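> Here it is, the structure in full.
What follows is calculated from the coordinates using simple rules that are stated; it is not laboratory data. Note that the coordinates shown come from a computational prediction; the quantities given were computed from them, not determined experimentally. Cβ: placed from backbone, ideal geometry, glycine included. Neighbour counts: every protein chain shown.
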Amino acid sequence: MNFFMEMYFLEEAERRRKEALSNGNSRLFFKLSEELGMSPETQYEKDLYAVGSLEYVSEESTNKEHSKLLSKLKNRATRDRELVDAINFARLNFKSPESSLNEKERILREVLGYERLRTGKGQFTPLEDCKPTRINMMLKKEYNLAIKRMKDDSR
């Protein structure tokens, strides 16, 4: 490819990048920024770039770590609804920490994206190593907060 063709393609890519920025097309903005080796400058560009990178990664990869990150970034209202629905569907009993422990762990992992729980000042323990009372307490706390937020949002 000769010099003039390269310049044309670079200019066209930069024009499309600016267009993606003005349209808020995060995925295209991220992809073109990467191809051109350009870093985002303004806060808006940085935010758009970050969202685009997550979208690009989720589309291009089925890696479990990336899907966990995306689940954490879900809209809180949607996550709250999913949490309440999952707990109600499973008919979990918070009065008995030992009951349905596997289901409680699954909901903490899949709906809330938790892999570990805080068990002390600066201490975190993997979910599978936590005591049933800790798992039960955390899920109950998240459930009650979700219910409260949903009530507040409906006002």
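> Using the beta-carbon distance between Ala13 and Thr78 and R0 = 41 Å, what value does 1/(1 + (r/R0)^6) give for FRET efficiency, to the nearest 0.05? Present the calculation step by step, with values, prior to reporting the outcome.
Working: r = 35 Å, r/R0 = 0.85.
So the FRET efficiency works out to roughly 0.70.
> On to the next question. Just flag the GluC sites (Glu not before Pro) in the range 75-155 sitting in loop per DSSP whose Cβ has no more than 14 other Cβ atoms within 10 Å.
Details: sites: Glu82, Glu98, Glu103, Glu105, Glu110, Glu115, Glu128, Glu142; in loops: Glu98, Glu115.
Within the range 75-155, the qualifying GluC sites (Glu not before Pro) (loop, at most 14 other Cβ atoms within 10 Å) are Glu98, Glu115.
> What residues qualify as long-range amide H neighbours of Arg116, i.e. H under 5 Å apart, gap of 5 or more or another chain, H built at 1.01 Å from N?
Hits under the 5 Å cutoff: Leu127.
> If the chain between Lys140 and Asn93 were fully stretched, how many nm would it gain, using 0.36 nm times the residue separation less the Cα-Cα distance? Walk me through the numbers on the way to the answer.
Working: separation 47, 0.36 × 47 = 16.92 nm, distance 0.94 nm.
In short, 16.0 nm is gained.
> Length gain on complete extension for the stretch Arg149 to Thr42, per 0.36 nm per residue less the alpha carbon to alpha carbon distance?
Working: separation 107, 0.36 × 107 = 38.52 nm, distance 3.27 nm.
Stretched out fully, the Arg149 to Thr42 stretch lengthens by 35.3 nm.
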